[in-house]
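Trainee: Structure below; questions to follow.
Just so it is clear, none of the values below were taken in a lab; they were calculated from the coordinates. Small disclaimer: the values here were computed from a predicted structure and weren't measured. We place every Cβ from the backbone using ideal geometry, glycine too, and count neighbours over all the protein chains shown.
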Amino acid sequence: MGLAALKLPRFSPTMQRPVVVSTWDSGMPVNAEAWKILSTKGKSLDAVEAGAIHIENTINCCVGLGGYPDRDGIVTLDACIMDEKANCGAVAGLERIKHPISVARKVMENTPHVILVGQGAQQFALQNGFPLESTELSAEAKEAYQQWLKKSQYKPEVNIELKQNHGPFAPHFFDDGTLNHDTMGLVALDGHGDLSGAVTTSGMAYKVHGRVGDSPIIGAGLFVDNEVGAATSSGLGEEVIRICGTHTVVEYMRHGYSPEAACKKACDRIVNRDPEKAKSLQVGFLALNKFGQYGAYAIQDGFVFSVKSETENQIHKSKFLI
Ligand code: ASP
């Protein structure tokens, strides 16, 4: 056999690109937005930002200024973005700015830093031309907060915050009545073979003012390694941070695990550390590898994710451990 015949294909035969995957069913319109860029030979970085901007423009329980407030009644936003060169930017505890994802991108591109928080992040946003929005809660969030104030309990068990506040966020219920956290995390592989990711959230409802979850933390809520793959997460952020969740997922993929298996291994880490505690908490991981193969895994039932490629446009139910 000649040398030419021995040559390995440059990519796995199952290679597909471009492709974008995002957390939850709310990822469908987000993917559609990202796809406009991906399908016209655009960059994954622009695609994930466009997807995140789209959901920040909608009323959603857990993303953007319309989301649930903290326990002081203030909406604080977290977001991060990362590209194929490991450039990254993030904001945390950002108030009254509509598009935290774009501020995060500006942090990445216009500063020598990775994360800006609170007042400093807001000041930076204003300096960069982002308008200051009202402090008013969305009607949906106001109603939910009033309900919550009656007991004022913070029990970050599986989906408990949303169980307490039914009506206004009905679109975030599944047919079987399960309720979910709804942080938007999306990762995309573009036609040039480059991966990027973005995460945007208002974080856990009724958190302590100043609390930062996994979502804006590179390696926790989002990680991209252009040689290997990218991952994002949703669920109880403190548990994701404890295991550097998405970095862990990407490292498992580096060692040969499929995206789904890598996500499962990361869930195993959380559960094995404290199986009793894990019974009442939810974390879901979603990953995409360099070949455009994707997969997810969650601790509990209820996590879903959305996929868009040339051949697919659908919501998948994640497998789960418990
Ligand atoms: N991971 C987010 C946080 O801990 C919450 C979520 O996924 O909804 O802030």
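Trainee: Would you order 83, 78 from fewest to most other beta-carbon atoms within 10 Å of each residue's own beta-carbon? Please list the in-between numbers first.
Mentor: Working: 83 23, 78 30.
Neighbour counts put them in this order, fewest first: 83, 78.
Trainee: Which of the aspartates and glutamates could be linked to residue 151 by a straight reach, that is with a Cα gap under 20 Å, when you skip same-chain ones fewer than 8 residues away?
Mentor: Those aspartates and glutamates meeting the cut-off are 70, 72, 140, 143, 161.
Trainee: Please give every one of the lysines within straight-line cross-link reach of residue 36, meaning a C-alpha to C-alpha distance under 24 Å, and leave out same-chain neighbours fewer than 8 residues apart.
Mentor: 85, 98, 106, 290, 308
Trainee: Take the chain, drop everything but the C-alpha atoms, weight them equally and run the Debye formula without solvent; then report log10 I(q)/I(0) at 0.08, 0.11, 0.15 Å⁻¹ to two decimals.
Mentor: Log-scaled intensity ratios, in q order: -0.32, -0.61, -1.14.
Trainee: So, one more: Residue 297: net charge of surrounding residues, Cβ under 10 Å, Lys/Arg +1, Asp/Glu -1, itself excluded? Intermediate results must be reported in sequence, preceding the final value.
Mentor: Working: positive: 264, 265, 319; negative: 260, 268.
Around residue 297, the charge tally is +1.
Trainee: Output the 0 to 90 degree angle, nearest 10, between the alpha-carbon long axis of helix 118-127 and the longest principal axis computed from the alpha carbons of the chain.
Mentor: Helix 118-127 sits at roughly 70 degrees to that axis.
Trainee: Among 129, 284, 68, which residue has its Cα furthest toward the positive end of the charge dipole of the chain, with +1 on Lys/Arg Cβ and -1 on Asp/Glu Cβ?
Mentor: Working it through, the farthest residue towards the positive pole turns out to be 284.
Trainee: If each DSSP helix of 4+ residues adds -39,500 (n - 2.57) and the sum is divided by the residues in the chain, what number results at 222 nm, nearest 500 deg cm²/dmol?
Mentor: On the way: 11 runs with 101 residues, N = 322.
After summing the helix terms and dividing by residue count, I get -9000 deg cm²/dmol.
Trainee: For residue 269 and residue 227 in the same chain, what is the full-extension length gain: residue separation times 0.36 nm, less their Cα-Cα distance, in nm?
Mentor: On the way: separation 42, 0.36 × 42 = 15.12 nm, distance 2.38 nm.
That pair, residue 269 and residue 227, stretches by 12.7 nm at full extension.
Trainee: In addition: How long are the semi-axes of the ellipsoid equivalent to the stretch 183-322, from square roots of 5 times the Cα gyration tensor eigenvalues, in whole Å, largest first?
Mentor: Value: 23, 16, 14 Å, ordered largest first.
Trainee: What full-extension length gain, to one decimal in nm, is calculated for residue 128 and residue 32 as 0.36 nm per residue of separation minus the Cα-Cα distance? Walk me through the intermediate numbers first.
Mentor: Working: separation 96, 0.36 × 96 = 34.56 nm, distance 2.78 nm.
Extending this stretch completely gives an extra 31.8 nm.
Trainee: Could you line up 22, 318 from fewest to most neighbouring Cβ atoms inside 10 Å? Intermediate results must be reported in sequence, preceding the final value.
Mentor: Working: 22 31, 318 23.
With the sparsest Cβ surroundings first, the list reads 318, 22.
Trainee: May I pose another question? Would you work out which of 233, 257, 275 lies farthest towards the positive end of the dipole of the stretch 178-276, given +1 charges on the beta-carbon of Lys and Arg and -1 on that of Asp and Glu, about the Cα centre?
Mentor: So the residue furthest toward the plus end is 275.
Trainee: Here is a further query. Could you tally the net charge around residue 319, taking each other residue with its Cβ under 12 Å from the Cβ of residue 319, Lys/Arg +1 and Asp/Glu -1?
Mentor: Values: positive: 264, 317; negative: 260, 301.
Net charge around residue 319: 0.
Trainee: Additional query: What is the distance in Å between the Cα centroid of the stretch 34-99 and that of the stretch 264-322?
Mentor: 21
Trainee: Which net charge results when you count Lys and Arg as +1 and Asp and Glu as -1 among the other residues whose beta-carbon is under 15 Å from that of residue 52?
Mentor: -1
Trainee: For the stretch 233-276, I need the span (max minus min coordinate) of the C-alpha atoms along each principal axis, in Å, sorted largest to smallest.
Mentor: Per principal axis, max minus min of the Cα coordinates gives 29, 17, 13 Å.
Trainee: Okay, moving on. Identify the residues of the stretch 58-84 with backbone N under 19 Å of a label point that sits 7 angstrom from the Cα of residue 142 along the Cα-to-Cβ direction, or state none.
Mentor: 58-76
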